[in-house]
Amino acid sequence: MNVEYDNFKEQVKAAADIVEVISGSVALKRKGSKYWGCCPFHGEKTPSFSVDSEKGFFYCFGCHEGGDVFKFVQKSENCDFKEALKLLAEKYNIPVPNNQRTAQEIAREKKSEEVSNVNALASKFFHACLTQTQYGKSALDYLHNRGITDEIIESFSIGYALNSYTGLLHNLSKRGINANLLQEAGLVLPGKRQGFYDKFRDRVMIPIKNPRGQVVGFGGRVIDKGEPKYLNTGETPWFNKRMILFGYDVAAKAIKTEKCAIVVEGYMDAISLHAVGITNVVASMGTAFAIEQAKLLRRTAEKVIFCYDSDKAGRVASMRAVSIAAKEGLQVRVAGVPDGKDPDEFIRQHGREAFLKVLEQAPEGIDFLVEETIRQNNVTDFAGKAQVVSNIVPFLLECKNEIEAAGYIRKIAQKLTIDEGLIVGEYNRAAKKQGRAYSQAPAQPSNVKISNAEEQAERMLLSILLEHPELLANCQDFLSEAGFVQLKYGKVYEAFFRQVQSGVVDYNHLGDGLTTEELSTLAEVTAYKIADIELEKTFSDCLRIMKSSYLEKEYARHMALALEYNRTQDARLKNELLESQRLQNEIRQLYGN
């Protein structure tokens with residue numbers, strides 16, 4: 001048992017007020033003893049998302065997501081428990097115990113902080129060169145001519161690298177920054193014989209920031225002619241393109257408001273769109289959209305529109321990106337910029353309204369995949385049509401359910417003028433490899449058979465017990481014998497019962513030891529409030545429904561045994577008949593018959 005780590009968790013949990021944390025991303029209003037707002041995890045206009053500050057749980061009555069403050073951070077930041085714990089510790093200035101970090105982690109964190117500080121200083125230097133010196137005038141004119149305002153320059157901290165081999169090196173050396181550290185940050189390169197020289201020279205400098213707004217790298221663009229057009233910080237332990245979306249730190253608020261992100265290819269595409277007031281835009285810094293970037297978007301967006309260049313490379317990249325984003329549960333569309341232009345060039349020539357129209361006309365991701373796959377193949381003969389089907393089936397397997405897949409299968413069959421059954425056959429073969437089966441009906445979530453009335457009774461009874469532990473004495477014997485049919489409620493009851501046995505029911509620690517899914521169930525149960533005037537009747541009704549269901553199942557089991565023993569002339573037949581009769585009598589007594 002790690003006492004220091006347990007104390008650390010307890011300290012963070014005590015400091016992290018769930019209402020304060022959630023209010024950072026959800027507008028909450030107090031009604032009665034709870035706070036209410038629109039759920040951040042699914043689209044809704046009528047608030048069904050509740051936060052119980054006293055018990056420390058949130059629960060959405062719409063999508064049924066729930067849990068404690070750690071679960072909220074895990075869900076909203078798309079991270080695991082340890083990461084959520086560290087994020088909250090950082091928010092409340094609580095130091096992470098050293099024994100929770102290896103020597104390598106401590107060294108890496110120290111180096112990361114040093115590199116971050118160096119990048120911040122370099123960004124300020126480049127920005128000052130652009131906005132406060134005569135050397136930056138040509139770069140400033142270049143930006144203004146492209147429609148990039150001073151406000152956007154400030155927002156993105158855009159700068160200028162002097163046309164000098166040692167401008168940055170000398171400036172930061174005066175501040176005590178070691179050249180080796182500058183090299184680790186990717187800002188200087190070693191000379192052929194000795195010393196170092198600046199990597200970026202006579203370029204517009206675009207800082208690349210992580211979601212927290214820390215500079216992790218730079219993109220440098222030539223002002224006139226020159227190669228390469230863009231020069232970027234190389235991959236380092238602190239700068240991994242897969243983990244970052246350019247402009248996310250600036251665009252996150254708009255993305256959260258719109259619930260939609262527009263993903264473009266390059267820095268200037270994103271900056272140009274922000275300059276005309278389209279602010280929910282980020283760039284994937286190239287065409288290789290990664291799963292990590294999709295996870296980052298999922299924190300704040302429900303939908304994503306990819307708007308890559310319309311050349312062949314851009315279309316191929318869009319196809320890959322659609323699959324990656326769809327797997328993360330994002331609704332995907334693909335906007336094609338006309339005439340082979342990139343978004344930056346298009347918006348400078350045609351303006352904001354024309355680009356918004358392009359976005360409005362963007363087809364859904366799966367429609368784009370179908371059309372693009374058809375375009376890439378010769379569908380004038382059966383061989384070409386078969387190839388299209390073979391290529392499109394993997395995308396169909398990414399549909400949310402078989403009903404959606406069925407709609408696309410029908411649509412593809414009509415486009416290719418082939419029998420729908422041929423596509424279904426290919427889909428079934430591919431689905432079978434994944435352990436799935438083609439069906440017009442959604443799969444059942446569980447093989448446990450339980451009626452709605454029984455499930456509601458279990459949930460309400462557990463809710464009452466958590467609120468009124470003194471009532472446990474009235475049903476403890478039954479619950480010990482029958483338990484809960486729904487395992488999720490059973491796990492919560494076990495945690496509650498352990499606390500009852502210890503003599504103290506403490507909501508702050510009721511979730512200790514529960515899984516993430518079980519925490520959601522605990523939040524769900526505690527979200528229900530039974531009025532005192534209805535408490536006794538509701539408790540009795542719930543208990544009667546649960547007992548009746550249990551007895552009927554037991555009756556069916558014993559009658560099945562009786563039939564079997566009768567068939568085999570087993571001597572145990574008499575006992576089973578007597579037990580079946582006893583159970584039947586108990587069922588009648590429940591309802592006063």
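How about region 35-54: which of its residues are charged (D, E, K, R) and open to solvent by 20 Å² or more (accessible area, probe 1.4 Å)?
Of region 35-54, the ones charged (D, E, K, R) are 44-45, 52, 54.
Within region 35-54, E44, K45, E54 meet the criteria.
Contact annotation: residue pairs with Cβ atoms under 9 Å, 6 or more positions apart or on different chains, pairing a residue in region 113-135 that is open to solvent by 30 Å² or more (accessible area, probe 1.4 Å) with a partner that is among the charged types (D, E, K, R) and in a helix (DSSP H, G or I), are E114/E184; H127/E154; T131/D150; T131/E154.
Looking at K86, is it out of contact with any Cys (no Cβ under 6 Å at 6 or more places or on another chain), surrounded by 15 or more Cβ atoms within 10 Å (Cβ to Cβ), without any contact (Cβ under 8 Å) to a residue 12 or more places away in the chain and not polar (S, T, N, Q)? So that I can check it myself, show each step before the final result.
Details: out of contact with any Cys (no Cβ under 6 Å at 6 or more places or on another chain): yes; surrounded by 15 or more Cβ atoms within 10 Å (Cβ to Cβ): yes; without any contact (Cβ under 8 Å) to a residue 12 or more places away in the chain: yes; not polar (S, T, N, Q): yes.
Considered against the rule, which asks whether it is out of contact with any Cys (no Cβ under 6 Å at 6 or more places or on another chain), surrounded by 15 or more Cβ atoms within 10 Å (Cβ to Cβ), without any contact (Cβ under 8 Å) to a residue 12 or more places away in the chain and not polar (S, T, N, Q), K86 comes out as yes.
The set of residues from region 559-584 being at pLDDT 85 or above, under 30 Å from Y489 (Cβ atoms) and of a type outside the set (A, V, I, L, M) comprises E579, R582. Scanning region 202-257 for residues being of a type in the set (V, I, T), touching a residue at least 60 places away in the same chain (Cβ under 8 Å) and under 28 Å from T133 (Cβ atoms) gives a total of 7. For region 368-404, the set of residues classified as within 20 Å of E302 (Cα to Cα) and open to solvent by 40 Å² or more (accessible area, probe 1.4 Å) consists of E398, K400, N401, E404, listed by residue number. When I208 is tested against (1) crowded, with 19+ Cβ neighbours inside 10 Å; (2) more than 23 Å from the chain's Cα centre (by Cα); (3) of a type in the set (A, V, I, L, M, F, W, C), only condition (2) is not met. In region 20-31 there is at least one residue matching the filter, namely being part of a loop (DSSP other than H, G, I, E, B), β-branched (V, I, T) and open to solvent by less than 40 Å² (accessible area, probe 1.4 Å). Residue-level check: of (1) open to solvent by 50 Å² or more (accessible area, probe 1.4 Å); (2) in contact with a helix residue (DSSP H, G or I) (Cβ under 7 Å, 6 or more places away or on another chain); (3) in a helix (DSSP H, G or I); (4) over 20 Å from G213 (Cα atoms), R333 misses just (3).
From the list A325, A317, exactly one residue is among the aliphatic types (A, V, I, L, M) and buried (at least 22 other Cβ atoms within 10 Å of the Cβ). Which is it?
Working: A317 fails: buried (at least 22 other Cβ atoms within 10 Å of the Cβ).
The conditions single out A325.
So that you can scan it fast, the table gives a plain yes or no per residue for (1) over 28 Å from the mean Cα position of the chain (by Cα); (2) surrounded by 17 or more Cβ atoms within 10 Å (Cβ to Cβ); (3) in a helix (DSSP H, G or I):
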| site | (1), (2), (3) |
| --- | --- |
| L465 | yes, yes, yes |
| L471 | yes, no, yes |
| F478 | yes, no, yes |
| E481 | yes, no, yes |
| N508 | no, no, yes |
| L514 | no, yes, no |
| A523 | no, yes, yes |
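Restricting region 55-72 to residues that are among the hydrophobic types (A, V, I, L, M, F, W, C) and out of contact with any Cys (no Cβ under 8 Å at 6 or more places or on another chain), the residue that is most open to solvent (accessible area, probe 1.4 Å) is F61.
Annotation note: of Y555, Y565, Y550, the sole residue that is within 47 Å of the chain's Cα centre (by Cα), open to solvent by less than 60 Å² (accessible area, probe 1.4 Å) and among the aromatic types (F, W, Y) is Y550. The condition of being touching a residue at least 12 places away in the same chain (Cβ under 8 Å), farther than 29 Å from L330 by Cα and either hydroxyl-bearing (S, T, Y) or not in a helix (DSSP H, G or I) (or both) holds for only one of Y35, Y5, Y59, that being Y5.
Screening region 155-168 for residues that are open to solvent by less than 20 Å² (accessible area, probe 1.4 Å) and among the hydrophobic types (A, V, I, L, M, F, W, C) and picking the one that is nearest to V281 (Cα to Cα) gives F156. So Q104 fits all but one of (1) of a type outside the set (A, V, I, L, M, F, W, C); (2) at pLDDT below 85; (3) closer than 25 Å to D506 by Cα; what number is the exception? It fails just one condition, (3). Restricting attention to region 314-328, the residues that are modelled with pLDDT under 85 and more than 21 Å from V393 (Cβ to Cβ) add up to 0. Residue count for region 267-311, restricted to those that are within 23 Å of K75 (Cα to Cα), modelled with pLDDT of 95 or more and more than 14 Å from the chain's Cα centre (by Cα): 4.
Cβ-Cβ distances below 6 Å connect the following pairs, each with a first residue in region 469-489 that is free of Cβ contacts under 8 Å to residues at least 24 places away in the same chain, a second residue that is part of a helix (DSSP H, G or I) and among the small types (G, A, S), and a separation of six or more residues or different chains: G483/G490. If the condition is being of a type in the set (D, E) and over 14 Å from I530 (Cβ atoms), then region 459-487 contributes E470, D477, E481.
The rows are residues; the columns are (1) over 30 Å from the mean Cα position of the chain (by Cα); (2) of a type in the set (S, T, N, Q).
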residue	(1), (2)
S53	no, yes
G67	no, no
K86	no, no
E105	no, no
Q134	yes, yes
D141	yes, no
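Within region 147-154, is there a residue that is open to solvent by less than 70 Å² (accessible area, probe 1.4 Å), free of Cβ contacts under 8 Å to residues at least 24 places away in the same chain and among the hydroxyl-bearing types (S, T, Y)? The answer is no; no qualifying residue exists. Of the residues in region 290-311, at least one is touching a residue at least 24 places away in the same chain (Cβ under 8 Å), open to solvent by 40 Å² or more (accessible area, probe 1.4 Å) and farther than 29 Å from D80 by Cα.
The values are calculated or read from the model by the stated rules, or taken from the named source; none is laboratory data. Model, not experiment: these values are computed from the prediction. In this analysis, Cβ positions are derived from the backbone assuming ideal geometry, glycine residues included, and neighbour counts consider all displayed protein chains. Ligands, DNA and RNA are stripped out before the accessible areas are found, and what is left, the full protein with its side chains, is counted by its heavy atoms. Shrake-Rupley method; radii C 1.70, N 1.55, O 1.52, S 1.80 Å.
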